[in-house]
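The values are calculated or read from the model by the stated rules, or taken from the named source; none is laboratory data. Keep in mind that what you see is a predicted model, and the values were worked out from it rather than measured. For neighbour counting, all protein chains shown are included, and Cβ atoms are generated from backbone atoms with ideal geometry for every residue, glycine included.
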């Protein structure tokens, strides 16, 4: 069985690329297809596979400014030749499922998210774009949405990384998805004996993550907050921050690991498709204070591994922190870490393989049970023999 793994772009190592690594473990001989690839920024595990990039790779600056090439992505994906593959595993967040597989191939799409900038985050992305993008997006987005919905029919089975994403797949594509949370390297994290007097928020500093709520709330409360990450919101966040808020920028992994283990709690005020960092915090034995929305509802157990709050506002977050501090001693690091083990890489690979095997079996059964086509003059000849054409058909039908 020839296997192809399709990923939207390979220019960093984040949650989506961790899924690709897990698929590489399941299928070590698989070939990888992508829109653009920066070989220096991907892992050795991925680099060991044969990687085919689209024609976008040849455009100067594509590896850095690939998102600006959105109008060309459908053409680039459909130019990739996957006609010789029996199993296609697409990893979708930007466009990836839009490849054209063989009719006999089984295409399973692991969906991190339908393209946010075309659907539920469209107005947010447009508002934060440059002048040219803001002018062009209303003209090109409708056609891209049509293409996105149409290509969902090329997928035999969808797998969503959270119930939140499964709901969006149902809404936009009218397809049902199996929920399988993404793999997290939980064994890379561990609790420590003593914590310190600070809260932590970590991730890209972009508007929809609502780090501004955390900065304003902790400035107002006078509590210590450490912010790890970088992004377009950095300057604005620093302007609104008081003396109790510390920015570490893009911290190396040992620093992130240490801060996750020693913080009083991780603060997660935005809405994410899933959210890897909260699971990493729980693997470190630390509780999570999070807005009750998105993928966090799959990972945090209210009042056992963290605090969930409904009011996504400064006051709502302050009330959640105060509630956490009243019950802080009830959170047990060993139980929190045990819960995080459910999201291990081993569990992901075991369940993903079961999903793939089930879909392959379903497709085989569908093929075997389909009635064999009959010639126009089908019937029995004298002596009870089938006509020669029908006999050949029966011999050749698998």
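Considering each residue of region 84-111, count those that are free of Cβ contacts under 8 Å to residues at least 40 places away in the same chain and either surrounded by 20 or more Cβ atoms within 10 Å (Cβ to Cβ) or in contact with a strand residue (DSSP E or B) (Cβ under 8 Å, 6 or more places away or on another chain) (or both), and give that number.
Residues meeting the conditions: 2.
Taking region 200-228 as the region of interest, how many residues are over 26 Å from the mean Cα position of the chain (by Cα) and surrounded by 23 or more Cβ atoms within 10 Å (Cβ to Cβ)?
Number satisfying all stated conditions: 4.
Condition (residue is at positive phi and not assigned by TED's automatic domain parsing to the domain that holds residue 325) applied to region 153-175: is it met by at least one residue?
From region 153-175, those at positive phi are 174; that's our starting set.
Next cut, not assigned by TED's automatic domain parsing to the domain that holds residue 325 only: 174.
Yes, region 153-175 contains at least one residue that is at positive phi and not assigned by TED's automatic domain parsing to the domain that holds residue 325.
Can you report the number of residues in region 152-165 which are buried (at least 21 other Cβ atoms within 10 Å of the Cβ) and touching a strand residue (DSSP E or B) at 6+ places or on another chain (Cβ under 8 Å)?
Result for region 152-165: 7.
Name every residue in region 169-189 that is assigned to a helix (DSSP H, G or I), in contact (Cβ under 8 Å) with a residue 40 or more places away in the chain and surrounded by fewer than 21 Cβ atoms within 10 Å (Cβ to Cβ), in order of residue number.
At the first step, the residues of region 169-189 found to be assigned to a helix (DSSP H, G or I) are 169-173, 186-188.
Now restrict to residues that are in contact (Cβ under 8 Å) with a residue 40 or more places away in the chain: 169, 172-173, 186-188.
Once the filter is applied, which keeps residues that are assigned to a helix (DSSP H, G or I), in contact (Cβ under 8 Å) with a residue 40 or more places away in the chain and surrounded by fewer than 21 Cβ atoms within 10 Å (Cβ to Cβ), region 169-189 yields 172, 187, 188.
Which ranges mark the helices (runs of 4 or more DSSP H) fully within region 196-310 that have 1 or more residues being within 14 Å of residue 340 (Cβ to Cβ)?
Numbers: elements: 211-221, 234-240, 253-262, 276-283, 296-299.
Counting at least 1 such residues, we get 253-262, 276-283, 296-299.
Okay, residues lined up against (1) out of contact with any strand residue (DSSP E or B) (no Cβ under 9 Å at 6 or more places or on another chain); (2) without any contact (Cβ under 8 Å) to a residue 24 or more places away in the chain; (3) assigned by TED's automatic domain parsing to the domain that holds residue 193:
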position	(1), (2), (3)
241	no, no, yes
248	no, yes, yes
256	no, no, yes
264	no, no, yes
270	no, no, yes
309	no, yes, yes
321	no, no, yes
329	yes, yes, yes
